[in-house]
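The block underneath contains the structure these notes are about, expressed in structure tokens.
The values are calculated or read from the model by the stated rules, or taken from the named source; none is laboratory data. Since this is a predicted model, take the numbers as computed values, not measurements. Neighbour counts run over all protein chains shown; Cβ positions are idealised from the backbone, glycine included.
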Amino acid sequence: MKKIILVFLSLIGLFFLSGCNQNSKESASVKWKSFSGDKRIEQRVDSVLKLMTLEEKIGQMTQFSANWSITGPVMSDDFKPYLYKGLIGSVFNATSVEGIKRMQQIAVDSTRLGIPILFGLDVIHGYKTIFPIPLAEACSWDLDLMKQTARVAAIEAASDGVNWTFAPMVDISRDPRWGRVMEGAGEDPYLGSRIAEARVKGFQGENGWKSLSDVTTLLACVKHFAAYGASEAGKDYNPAELSEHTLRNVYLEPYRAAIEAGVGTVMASFNEVNGVPATASRWLLTDILRKEWGFTGFVVSDYTGINELVPHGVAKDEKQAAELAVNAGVDMDMTGATYIKYLSKLVKEGKVSEKTIDNAARRILEMKFLLGLFDDPYRYLDENRAKENIEKPEFIETARKAAAASVVLLKNDNNLLPIKKDCTVRIALIGPLMNDSINLNGEWAGSGDRNKSVSILKGLTEAYKGTNVKLNYAKGCTITESSPASIAQAVSVAHNSDVILVAVGEDFNWSGEAACRTDIRLPEAQRQLLKALKETGKPIALIVLSGRPLDLSWEDSQFDAILQAWFPGREGGNGIADVISGEYNPSGRLVMSFPRNVGQIPIYYNHKNTGRPVDPANPDVDYKSRYLDVATTPLYPFGYGLSYTTYAISDAQIDKSTMKSKNDKIIVSATVENTGSMDGEMVVQLYVRDLVGSVTRPVKELKGFRKVVLKAGESKTIAFELSSEDLAFYGIDMKKKTEPGEFKLWVAQNSADNSNELSFSVTE
């Protein structure tokens with residue numbers, strides 16, 4: 001500790017020197033805008049920078065991955081020599097207080113300057129307590145809940161030594177073949193933006209940069225900038241072929257929302273946009289992100305993203321790749337070792353300015369100051385706190401609530417569900433995922449123990465304990481394989497039951513990074529099981545577990561009820577049991593449209609009209625924009641979801657029919673009524689259409705939503721504030737503004753609901 005004390009004494013001296021000599025040549029030559037805007041912190045950052053060699057600055061721009069958890073191509077470089085030389089700014093994938101403390105001690109006690117390391121991890125939907133996958137949670141439309149689950153994840157991860165998470169992922173996703181749809185919030189930029197804000201504040205805290213000093217928060221990283229969700233053909237790492245118009249109006253909005261919410265870091269995406277890989281795109285990383293949006297945090301590449309500029313074909317070797325990335329605006333190299341190998345040479349050759357290096361190092365150092373690591377490098381490394389803050393009962397309860405809230409009821413003929421606890425009924429519990437705990441957490445499940453996850457069988461058994469509901473179980477098949485004997489056993493159990501519940505779906509490894517599928521139907525083995533069960537004539541409800549929307553067209557035509565439960569996390573079995581037993585009335589609503597088959601993809605509600613749109617009243621007219629073999633509409637539209645009760649929206653009104661294009665608003669109100677016999681929650685959605693614009697506009701756009709709690713028979717009046725700024729878009733001149741014109745709006749239950757239509761106009 002002697003060295004670090006001496007270093008801090010030096011820093012204090014330089015702090016006062018800097019404060020007394022604001023007009024020094026060096027400080028005048030450096031133009032840097034800090035993330036915090038706090039002059040004291042800026043001076044502390046510059047005090048450290050003045051002590052550093054060029055190699056040490058580059059070291060701060062370098063991240064290596066710990067050996068015990070690799071998420072990408074394994075780099076051969078052993079990072080320990082760099083660690084002892086103080087040439088590592090961050091370590092990825094290190095977990096546990098004990099393991100992290102060993103590396104931090106080396107960085108602090110065994111290096112020249114004793115600069116602490118930033119420890120990062122993919123804390124996506126929980127750390128130890130695993131919540132539903134982000135796509136599932138988005139279906140709750142509950143921003144407070146999503147903020148809460150991110151908060152719990154931050155508390156747990158920070159208690160185990162982690163201080164930086166590579167989340168939230170805010171990529172707009174319109175193609176369910178892409179495996180990473182499970183990490184995002186679906187197809188809509190408005191909803192995606194609101195969720196991005198909630199997750200950033202959940203991870204980082206509510207008080208801007210000042211919250212980062214709270215040892216229970218995590219530095220967040222919004223990803224993947226930009227348009228990774230538009231990867232061509234739904235294939236991971238593929239180019240994103242987009243017009244600037246679509247990029248700005250659809251794909252960039254959630255990233256911007258995260259920036260405005262105060263996110264501290266941004267991750268560059270793997271894909272190319274307009275012919276340039278994002279990692280080398282100065283237009284994206286500097287012109288838009290920094291100059292246009294004013295982002296002052298730091299940018300990190302994705303895993304070996306800089307190295308991959310070589311196979312992309314924009315760099316001849318890794319040295320040129322490093323040059324392109326750093327000049328584009330990438331401040332930290334994630335695990336690729338290109339910066340530590342080549343930046344010093346590039347500076348000496350005049351291809352990279354030392355000012356660029358200085359500013360990148362400043363951004364990284366500032367985050368370490370804001371996290372309190374310079375004041376106490378071990379502040380995250382308290383083993384007692386780790387024991388106290390992991391898997392607390394209230395965290396488990398939140399996970400159960402989140403699991404139930406994420407379930408979407410897609411079909412429920414004859415009110416097959418719920419099966420109340422006071423019934424006298426025999427239920428057959430069948431399917432490869434019925435007694436499964438391993439798959440429930442889904443992909444990107446942090447450090448969660450899959451064996452602790454509550455299976456659906458266990459959840460239902462506990463829910464119906466002591467009742468007249470009798471449960472009988474048979475697996476029937478595995479996820480991909482079946483046999484006549486296993487199916488026969490399941491059919492036998494089904495025959496001796498009154499109702500059949502079948503848990504089907506994907507293996508968790510089938511979604512996530514590098515997990516793309518061209519066939520998004522249930523595997524043939526499961527379909528064989530379902531066909532055999534159908535022949536029993538018993539009512540059947542499906543419980544579908546998946547990381548993406550599936551093609552459920554056949555299942556929708558054959559079975560009585562379908563619950564889309566996604567990958568629901570640790571408490572999945574209990575949450576699903578709460579829904580099936582009626583303890584929780586399903587309130588989830590889809591955030592991605594479900595296709596009728598893979599040939600419809602991409603399919604999304606906020607599409608553009610063609611010059612020959614299909615008339616819904618006459619869908620089979622020739623020479624219209626349609627398919628010959630299937631309807632143009634999705635199987636289940638965006639915003640769709642059923643309940644055990646029914647709702648009605650009526651008396652939609654606006655307080656005025658005209659508003660100005662700037663600094664004006666209208667108030668939209670409507671009456672929402674629970675017309676059924678069970679208490680529930682209704683997601684009321686506000687959609688708008690701009691009828692004529694300087695560029696073509698979507699047929700509908702979500703502009704607001706409210707999740708309303710209603711008792712049976714209760715009605716409430718709700719109101720939306722629709723501002724002129726809410727109607728702004730990037731027009732033909734690529735400037736964002738609200739254009740005068742005529743508009744329609746709908747207060748609706750989903751994107752396909754055209755009731756409660758109103759008209760208004762916008763004037764200059």
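Mind listing just one residue for me: the one in region 438-481 that is among the polar types (S, T, N, Q) and more than 16 Å from Val504 (Cβ to Cβ) and, of those, modelled with the lowest pLDDT?
Top of the filtered list is Ser447.
If I filter region 465-481 down to residues being surrounded by fewer than 22 Cβ atoms within 10 Å (Cβ to Cβ) and farther than 27 Å from Arg400 by Cα, which single residue comes out as farthest from the chain's Cα centre (by Cα)?
By that ranking, first place goes to Glu481.
Could you give me the residue pairs with C-beta distances under 7 Å whose first residue belongs to region 150-170 and is under 13 Å from Val200 (Cβ atoms), whose second residue is small (Gly, Ala, Ser) and part of a loop (DSSP other than H, G, I, E, B) wherever it lies, and which are 6+ apart or on separate chains?
Partner pairs satisfying both residue conditions: Thr165/Ala220; Ala167/Ala220; Pro168/Ala220; Met169/Gly184; Val170/Gly184; Val170/Ala185.
Select, from Ile649, Ile654, Ile666, the only residue that is within 30 Å of Asn412 (Cβ to Cβ), modelled with pLDDT of 95 or more and of a type outside the set (D, E, K, R).
After ruling out the rest, the residue left standing is Ile649.
Which ones in region 626-647 are among the hydrophobic types (A, V, I, L, M, F, W, C) and either touching a helix residue (DSSP H, G or I) at 6+ places or on another chain (Cβ under 8 Å) or buried (at least 16 other Cβ atoms within 10 Å of the Cβ) (or both)?
Passing the criteria: Val630, Leu635, Phe638, Leu642.
It is to be established whether one or more residues within region 516-527 are in contact with a Gly (Cβ under 9 Å, 6 or more places away or on another chain), of a type in the set (A, V, I, L, M, F, W, C) and part of a loop (DSSP other than H, G, I, E, B).
yes
Taking region 327-352 as the region of interest, how many residues are touching a helix residue (DSSP H, G or I) at 6+ places or on another chain (Cβ under 8 Å) and touching a residue at least 40 places away in the same chain (Cβ under 8 Å)?
13
Can Asn238 be described as in a helix (DSSP H, G or I) and either in contact (Cβ under 8 Å) with a residue 12 or more places away in the chain or touching a Ser or Thr at 6+ places or on another chain (Cβ under 6 Å) (or both)?
So Asn238 fails the test.
Restricting to region 277-324, count the residues that are among the small types (Gly, Ala, Ser) and within 15 Å of His224 (Cβ to Cβ).
Final tally of qualifying residues: 5.
Looking only at region 638-666, count how many residues are in contact with a Phe, Trp or Tyr (Cβ under 7 Å, 6 or more places away or on another chain) and β-branched (Val, Ile, Thr).
Residues meeting the conditions: 3.
Name the one entry in Ser751, Ser677, Ser755 that is surrounded by 15 or more Cβ atoms within 10 Å (Cβ to Cβ), among the polar types (S, T, N, Q) and either under 31 Å from the mean Cα position of the chain (by Cα) or part of a loop (DSSP other than H, G, I, E, B) (or both).
Numbers: Ser677 fails: surrounded by 15 or more Cβ atoms within 10 Å (Cβ to Cβ); Ser755 fails: surrounded by 15 or more Cβ atoms within 10 Å (Cβ to Cβ).
Every option except Ser751 fails the conditions.
Looking only at residues that are among the small types (Gly, Ala, Ser) and in a helix (DSSP H, G or I) in region 335-387, which one is nearest to Lys57 (Cα to Cα)?
Quick first cut of region 335-387, residues among the small types (Gly, Ala, Ser) only: 336-337, 344, 350, 353, 360-361, 372, 386.
After this cut, where a residue has to be in a helix (DSSP H, G or I) as well, the list is 344, 360-361, 386.
Working: Ser344: 10, Ala360: 8, Ala361: 6, Ala386: 32 Å.
Top of the filtered list is Ala361.
Quick check: is even one residue across region 471-482 assigned to a loop (DSSP other than H, G, I, E, B), within 22 Å of Tyr584 (Cβ to Cβ) and of a type outside the set (Gly, Ala, Ser)?
Looking for residues that are assigned to a loop (DSSP other than H, G, I, E, B), within 22 Å of Tyr584 (Cβ to Cβ) and of a type outside the set (Gly, Ala, Ser), one finds none in region 471-482, hence no.
Given Glu462, Glu443, Glu397, which one is surrounded by fewer than 18 Cβ atoms within 10 Å (Cβ to Cβ), outside any strand (DSSP E or B) and either on the phi > 0 side of the Ramachandran plot or in contact with an Asp or Glu (Cβ under 9 Å, 6 or more places away or on another chain) (or both)?
Glu397
Taking the criterion of being out of contact with any strand residue (DSSP E or B) (no Cβ under 7 Å at 6 or more places or on another chain), of a type in the set (Val, Ile, Thr) and surrounded by fewer than 23 Cβ atoms within 10 Å (Cβ to Cβ), would at least one residue in region 320-341 satisfy it?
Taking every residue of region 320-341 in turn, none turns out to be out of contact with any strand residue (DSSP E or B) (no Cβ under 7 Å at 6 or more places or on another chain), of a type in the set (Val, Ile, Thr) and surrounded by fewer than 23 Cβ atoms within 10 Å (Cβ to Cβ).
Can you list residue pairs whose Cβ atoms sit under 9 Å apart, with the first residue in region 677-698 being over 18 Å from Phe760 (Cβ atoms) and the second being among the aliphatic types (A, V, I, L, M) and part of a loop (DSSP other than H, G, I, E, B)? Count only pairs 6 or more apart in sequence or on different chains.
Once the first residue is over 18 Å from Phe760 (Cβ atoms) and sits in region 677-698, its partners that are among the aliphatic types (A, V, I, L, M) and part of a loop (DSSP other than H, G, I, E, B) give Ser677/Ala712; Met678/Ala712; Asp679/Ala712; Gly680/Ala712; Ser694/Ile732; Val695/Ile732.
How many of the residues in region 250-273 are of a type in the set (S, T, N, Q) and either touching a helix residue (DSSP H, G or I) at 6+ places or on another chain (Cβ under 6 Å) or closer than 23 Å to Pro549 by Cβ (or both)? Show your work before the answer.
Here is the first cut: in region 250-273, the residues of a type in the set (S, T, N, Q) are 265, 269, 271.
Next, from what is left, pick out any that are either touching a helix residue (DSSP H, G or I) at 6+ places or on another chain (Cβ under 6 Å) or closer than 23 Å to Pro549 by Cβ (or both): 269, 271.
Residues in region 250-273 being of a type in the set (S, T, N, Q) and either touching a helix residue (DSSP H, G or I) at 6+ places or on another chain (Cβ under 6 Å) or closer than 23 Å to Pro549 by Cβ (or both): 2 in total.
Okay, residues lined up against (1) touching a Leu at 6+ places or on another chain (Cβ under 7 Å); (2) loosely packed, with under 13 Cβ neighbours inside 10 Å; (3) of a type in the set (Ser, Thr, Tyr); (4) within 30 Å of Thr646 (Cβ to Cβ):
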position: Phe705; (1), (2), (3), (4): yes, no, no, yes
position: Val708; (1), (2), (3), (4): no, no, no, yes
position: Ile718; (1), (2), (3), (4): no, no, no, yes
position: Glu725; (1), (2), (3), (4): no, no, no, no
position: Ala728; (1), (2), (3), (4): no, no, no, no
position: Gly731; (1), (2), (3), (4): no, no, no, no
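Do the conditions hold for Thr738, that is, is it loosely packed, with under 12 Cβ neighbours inside 10 Å and either within 25 Å of Tyr604 (Cα to Cα) or among the β-branched types (Val, Ile, Thr) (or both)?
no
All but one of (1) within 18 Å of the chain's Cα centre (by Cα); (2) surrounded by 20 or more Cβ atoms within 10 Å (Cβ to Cβ) hold for Glu260, so report the exception by its number.
Condition not satisfied by Glu260: (2).
Give Asp175, Asp214 a once-over and let me know the one that is charged (D, E, K, R) and either under 16 Å from the mean Cα position of the chain (by Cα) or assigned by TED's automatic domain parsing to the domain that holds Phe64 (or both).
On the way: Asp214 fails: either under 16 Å from the mean Cα position of the chain (by Cα) or assigned by TED's automatic domain parsing to the domain that holds Phe64 (or both).
Selected residue: Asp175, the only one of Asp175, Asp214 that is charged (D, E, K, R) and either under 16 Å from the mean Cα position of the chain (by Cα) or assigned by TED's automatic domain parsing to the domain that holds Phe64 (or both).
Just to confirm my filter: which helices (runs of 4 or more DSSP H) fall fully inside region 31-138 and include at least 3 residues that are under 29 Å from Gly262 (Cα atoms) and more than 32 Å from the chain's Cα centre (by Cα)?
Values: elements: 39-51, 54-60, 80-84, 97-109, 134-138.
The helices (runs of 4 or more DSSP H) meeting that bar are 39-51.
Only one of Glu349, Glu354 is surrounded by fewer than 22 Cβ atoms within 10 Å (Cβ to Cβ) and farther than 25 Å from Phe295 by Cβ. Can you tell me which?
Only one candidate passes the filter, namely Glu349.
Would you mention how many residues in region 586-625 are farther than 30 Å from Glu137 by Cα and surrounded by fewer than 16 Cβ atoms within 10 Å (Cβ to Cβ)? Steps first, answer last, please.
Kept after step one, since they are farther than 30 Å from Glu137 by Cα, are these residues of region 586-625: 609-625.
Applying the additional criterion that residues be surrounded by fewer than 16 Cβ atoms within 10 Å (Cβ to Cβ) yields 609-613, 615-625.
Adding up the residues that qualify gives 16.
If you check Ala712, Ala752, Ala719, which single one turns out to be in contact with a Pro (Cβ under 6 Å, 6 or more places away or on another chain) and under 27 Å from Tyr584 (Cα atoms)?
When all the criteria are applied, what remains is Ala752.
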